């Protein structure tokens, strides 16, 4: 019966929304006690039971004076109209109190149109009642009674509207303060980001200059080694000093670019030489995978080597997550000026919700960013639609130039 769950949850939410606040329950209970004491202790209230029930009908709705202010006013006015019609000689204190609270509540908690309508209905009701009673019993209701009722009920309504206005103004000030705080935080973050970018550019210039100096010193040392080897020590020492300073500045640059507060790792980064360990971990995770090397392996530039490793790692991770029961194969082709990677599997292929596996997730986006950094290319898609392959599954193909960025 799962289809009933949203209905039950919505019903509970509506019940919670209609539950009156404890303060309003206490107000209604207090006026009800006054009404019952007045009904049962005053001899003029006859018969007792109908008037006691009428007191309940008039006071209990006050518990919902905030949840439904206009409906509360109508309920109180209707009960008051019944009391005034059946027992016109009674001047009950609890009825006056209940109407004052209801009028105040409709002014404080109802929307403007209903608040105006509620106040007008109450005043017209009392004015009409005074005119009718004077027509039946001349002189019983004078102008002072009408003025008193108008001042008391109108004042209660105005007090409610004033409190509502102050509440809305306070809420607007809170929202404005929250927006200002959010804007200040955004500006602070933007200023920090801009400052970090500026410092990173400056450190980049420092590092680039230091590396240029190292290249020049190394070239000078090379020339001196052929003619006067004893003089080559000085430029080589300069290369060492500059290299140490460059490492320090590079660490600072990485610290600026990092936002998680972690220290940069000093461990060597993995490369294609570590594929055997990666594939063994993948097999232990439940994916049979084979490795095939084509061509003569040779040392790749560190950045290219790391990027190739990460591509294989991400492709196998996607296969583990999305391919289901499958087998995989990793092919590494060493060429003269590039390395090519192929990661193939024979699984069920990407499903409708497998965004990362199908090419729209962060995994393949990260692959493309890494490859674009070195001017390489990436192809990813179902093997059935990839030229040169047949069958089901998924294929990731990447080509990384080994001399990217070298001049």
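Each value in this text was obtained by applying a stated rule to the coordinates, not by laboratory testing. Values in this document were obtained by computation on a predicted structure and should not be read as measured data. Note that we place each Cβ from the backbone using ideal geometry, even for glycine, and neighbour counts take in every protein chain shown.
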| query | By per-residue mean of other Cβ atoms within 10 Å, what is the highest-first order of 89-96, 25-32, 340-347, 219-226? | reply | 340-347, 25-32, 89-96, 219-226
| task | Within 10 Å, count the other beta carbons around each residue, average over each peptide in 288-295, 100-107, 43-50, and list them highest first. | result | 100-107, 288-295, 43-50
